[in-house]
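Following: one structure in structure tokens, then a few remarks.
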Amino acid sequence: MARRGALEWRERRAVDSNRPRGWILDDAVLREIILRLPRSLEALAQIPGMPPAVVKHSGEELLAQLRGADIPDPSPPPPRRARPDPAKAALVKTLAAIIQAAARELNLVPEVLATRRDLELLADGSRDVGLLRGWRRGAVGERLLAAL
């Protein structure tokens, strides 16, 4: 974000010298710097309205700020999630119905017995799921295993 780099440089210079931003560098000149993104003192000096004193005394600092604010290469997009397997989705739905029925019997909210993630792990074949241990195994775990 070259714009941010140039703006931050001008703001810092204005604060340090206790002068208005426009006295450090005019908005129109700053806009041209952002549009042209000069990479050398010569290119910076060619910008219309660019004060020679700024190029001489602060040019390298401004160019360094512009280089430091270069936009990095975009990261690759995240991998697309695969479509859910219809058989697995049906199995999770069946397991969820068992959880719902058990929760009604026990007068509990279904999430106390199992989360959707628990059911998905179970449908994927994992047996290291909290609902297959402790009191939940007796309350609903055996019924879920029978449905698999």
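What follows is calculated from the coordinates using simple rules that are stated; it is not laboratory data. Just so we're clear, the structure is a prediction, and the values are computed from it rather than from any experiment. Virtual Cβ from ideal backbone geometry, glycine too; neighbours counted across all protein chains shown.
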About the Cα centre of the chain, what is the dipole size in debye to 20, counting +1 per Lys and Arg Cβ and -1 per Asp and Glu Cβ, all else neutral? 420 debye
Residue by residue through region 134-148, what is 3J(HN,Hα) from phi via Karplus (6.51 cos²θ - 1.76 cosθ + 1.60, θ = phi - 60°)? Round to whole Hz and write x for glycine and proline. x, 5, 5, 5, x, 6, 8, x, 5, 5, 5, 4, 5, 6, 7
Roughly how far apart, in whole Å, are the Cα centres of region 26-58 and region 82-129? 64 Å
Could you give each residue of region 7-23 its phi-based ³J(HN,Hα) in whole Hz, using Karplus coefficients 6.51, -1.76, 1.60 with θ = phi - 60°, and x for Gly or Pro? 5, 5, 4, 5, 4, 4, 5, 5, 5, 4, 9, 6, 10, x, 4, x, 7
Ordered by packing density, taken as the mean number of other Cβ atoms within 10 Å over each peptide's residues, highest first, how do 135-143, 78-86, 11-19, 58-66 rank? 58-66, 135-143, 11-19, 78-86
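At 222 nm, what value in deg cm²/dmol follows for the chain if DSSP H runs of at least 4 each add -39500 (n - 2.57) and the sum is divided by all its residues, to the nearest 500? Before the final figure, lay out the partial values.
Values: 9 runs with 91 residues, N = 148.
Using -39500 (n - 2.57) per qualifying helix, the result is -18000 deg cm²/dmol.
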Karplus (6.51, -1.76, 1.60) ³J(HN,Hα), θ = phi - 60°, over region 48-53, in Hz, Gly and Pro reported as x: x, x, 6, x, x, 5
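Tell me, what is the FRET efficiency for H57 and R36 to the nearest 0.05, using R0 = 22 angstrom and their Cβ-Cβ distance as r?
Numbers: r = 20 Å, r/R0 = 0.92.
Using R0 = 22 Å, I get an efficiency of 0.65.
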Principal axes of the chain: Cα extent on each, largest first, Å: 83, 32, 23
Please pull out the direction-averaged projected area of region 86-147, using the convex hull of its alpha-carbon atoms, in nm² to one decimal place. 3.6 nm²
Once both axes come from the Cα atoms, what is the angle between helix 86-106 and the longest principal axis of the chain, in degrees from 0 to 90, rounded to 10? 60 degrees
